[in-house]
Each structure stands twice: as C-alpha cells, then as structure tokens.
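Asker: Quick one: structure below, then a few questions.
Laboratory data are not the source of any read-out in this text; all were calculated from the coordinates shown. Values in this document were obtained by computation on a predicted structure and should not be read as measured data. Note that we place each Cβ from the backbone using ideal geometry, even for glycine, and neighbour counts take in every protein chain shown.
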Amino acid sequence: MSHDRVAHLLEQAIPGIPEELRRPPLAKLRARARRRRTRRNAAAAAVVTLVLAGPALWYTSTLDGPQRTAPAGPGGPAAAVNTGLTWWMARVDRAGTQVTLFVSRPVDGPACQGSWSPEATFATDAATVIVTVSDGSVTGVGCASDNKLATVQITLPEPLARRPLIDGYDDTRRPVYREADQPQVPGGSAGWSEVPTTFSAPRPVNAELPAVWNVSYTRPGGPDIKIRGYPADHLLAAVPKTEPVGTVEVAGTRGGIYPTGLDRYLVRWEAPGVVYNLTVLPTEGAYVSLPTFRELLARIGVS
C-alpha cells in the first residue's frame with residue numbers, strides 16, 4: 001500500500017476537531033480570573049497558614065490521573081517549590097469546625113524522597129471558606145504505595161455552617177458532607193461502630209472524580225447501616241424511579257422511603273449541594289420488612 005493511500009485512510013479515520021473547540025474560552029477564563037481576584041482581596045486579612053500533620057500529598061488534575069514533574073536542580077537536590085494539590089471532598093464534624101479533606105496520592109509514583117512539609121491556607125468570610133493545599137517539601141517528589149485518597153485536617157475558627165468550601169488550587173466548589181446532615185448512629189455496646197472507609201483516586205480508565213461519600217456502621221449480629229452521599233448533579237443522586245412508600249425526617253430534612261428490591265428499602269434525602277441515601281444490610285439469609293426498617297430508622301433518630 002502506498003504512502004499516499006495510508007495517509008488518506010488516516011485522515012478519514014480521525015474525526016475533525018469541532019469548530020467550538022478550536023476557539024479558546026476567553027470569556028470563561030477572564031470571569032474565573034475576576035472571581036479569584038475578588039475572593040483573594042476580600043479574604044486576605046483572614047488567611048491562616050497551618051502545617052498539616054499527615055502524609056505529604058500532591059496532585060495535578062488530569063484525565064490521565066495524577067501527574068507531576070519533579071523540579072530539577074543543578075548539581076544537587078531540587079529547590080523547594082510550592083505545588084498546588086487538589087482535594088476532592090470534605091467531611092465536617094457535628095461541631096462544624098473540624099474539616100477533613102480527601103486528597104489524591106500520585107498513582108504509581110516514586111518512593112518517598114527527602115522531608116515533607118505540606119501546608120494549607122484557608123481564607124474565611126461571611127460567604128465562603130477557601131482552602132488551598134500545597135506542597136512545600138524539600139525535594140518536591142511524591143510518596144505513593146497505592147491509589148487511595150489520604151486525609152488532612154484543618155480546624156476552622158468558627159463553624160462552617162452552610163458556607164461552601166472552595167478549593168483554592170483550581171477555584172472549584174467541592175462537595176461537603178456534614179455530619180450534622182446525617183443521622184447520629186448510636187454507639188456503645190447496644191449500638192453500632194463506624195467502619196473505617198478508604199476512597200480511591202481517579203483512574204485513567206474512567207477518570208471519574210472521587211467525590212462520592214460512603215460511611216458504614218456495623219454491630220454483632222447486624223443489621224449494618226450504610227450511608228452514601230453524592231454531589232447533587234451526580235447520576236446516582238437522582239430520585240429513584242420506584243414510588244415512595246413513606247416519608248421520614250432526617251436531621252431536620254424530609255426524606256422519602258423507596259423500595260429497591262425484594263425486602264430492601266432506601267431512604268433518600270437532600271442537603272445543600274449533596275444527596276444522601278441510607279440502606280440497611282441484614283445478616284446473610286435474613287430480610288428487613290418495611291415495619292422492621294422503620295423501627296431501625298427510629299433507633300437512629302429517623303422517624
């Protein structure tokens with residue numbers, strides 16, 4: 001086959017670039033720059049810098065997963081740099097001041113090198129809280145042994161309340177899962193224990209953002225309780241297609257009970273920016289009738 005013939009076949013196989021993608025989105029870029037300048041100017045006086053006690057983390061958002069090029073230094077260790085890190089979602093305690101951020105480790109990154117001193121700055125005003133995580137390490141080379149999200153914590157000087165959390169690295173509003181919007185599952189000998197949960201970083205296969213919340217509670221003999229949270233625009237945040245069989249109040253919000261299969265039910269309720277689902281996992285071979293499901297909900301303050 002001739003060279004011209006091969007070139008012709010390649011041109012036919014590769015689709016052309018749509019016209020709307022040929023032009024840079026200048027209006028959106030200028031608008032984002034204006035918003036960022038406004039927030040920084042308004043909150044400059046309230047910036048607090050914290051040294052985070054936790055693993056050093058770095059992430060640059062790309063569809064192919066976490067990537068970063070370590071800075072080069074002539075004839076020795078690389079100079080210190082501040083590299084922005086993306087955090088994906090946040091958990092806020094019931095008091096509203098302790099915030100846990102979930103941050104990506106690099107996928108298949110190198111072994112740890114040098115010392116780490118990750119830092120976070122947050123700026124607060126009456127409307128928003130902006131949190132920026134950065135890498136101030138000596139070498140700027142990341143640590144990785146898996147693709148799990150790690151956690152770092154900050155303490156706000158006053159409760160977050162309903163203010164949104166903004167990632168200062170890319171000026172994006174992140175999902176916030178407040179414990180105050182969820183049932184208070186009792187612990188102790190007659191109650192449940194929270195199961196430690198790990199979250200995965202985005203993979204090159206699907207590039208789905210790791211912003212879905214998941215917490216489980218277990219007790220001997222069951223049943224277990226599982227709560228999942230989704231950003232409001234997530235596909236799984238939609239109202240179930242089945243007709244509700246009842247309503248309940250969850251943390252001051254009205255929710256619905258939906259059948260999801262044979263002797264299985266789900267409670268769905270909404271909070272600002274997110275949607276929650278609660279399900280019950282019975283022991284193997286058991287089932288949960290609707291009256292039993294309601295009795296269990298009443299035990300965790302959902303009625």
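Asker: Label S193 and T100 with points 7 Å out from Cα along Cα→Cβ: what is the distance between them in nm?
Answerer: Each label point lies 7 Å from its Cα, and together they span 1.6 nm.
Asker: Then there's this: So how do K241, K226 line up by other beta-carbon neighbours within 10 Å, fewest first?
Answerer: Least to most surrounded, the residues fall as K241, K226.
Asker: Any chance you could get the radius of gyration and Dmax over the Cα atoms of the stretch 186-303, in Å?
Answerer: 15.0, 44
Asker: Another question, then. Using r as the Cβ-Cβ distance of A298 and T155, and R0 as 30 Å, what FRET efficiency do you calculate, to the nearest 0.05?
Answerer: 0.30
Asker: List every residue whose amide H lies under 5 Å from the amide H of T97, counting only residues 5 or more places away in sequence or on a different chain, with H placed 1.01 Å from N in the peptide plane.
Answerer: Sorted by chain and number, the residues that satisfy this are L160.
Asker: A further question on this structure: Hey, what do the phi angles of the stretch 161-170 turn into as Karplus ³J(HN,Hα) couplings, whole Hz, using 6.51/-1.76/1.60 and θ = phi - 60°, x for Gly and Pro?
Answerer: Once rounded to whole Hz, the list reads 6, 9, 5, x, 9, 10, 7, x, 5, 10.
Asker: Suppose the chain between A286 and T121 were pulled fully straight at 0.36 nm per residue; how much longer would it get relative to their current alpha carbon spacing?
Answerer: Stretched out fully, the A286 to T121 stretch lengthens by 54.4 nm.
Asker: As a footprinting exposure proxy, order T260, T121 by other Cβ within 10 Å, with the fewest listed first.
Answerer: Ordered from fewest to most neighbouring Cβ atoms within 10 Å, T260, T121 come out as T260, T121.
Asker: I would also like to ask the following. How would you rank Y287, Y217, going from fewest to most other Cβ atoms within 10 Å of each one's own Cβ?
Answerer: Y287, Y217
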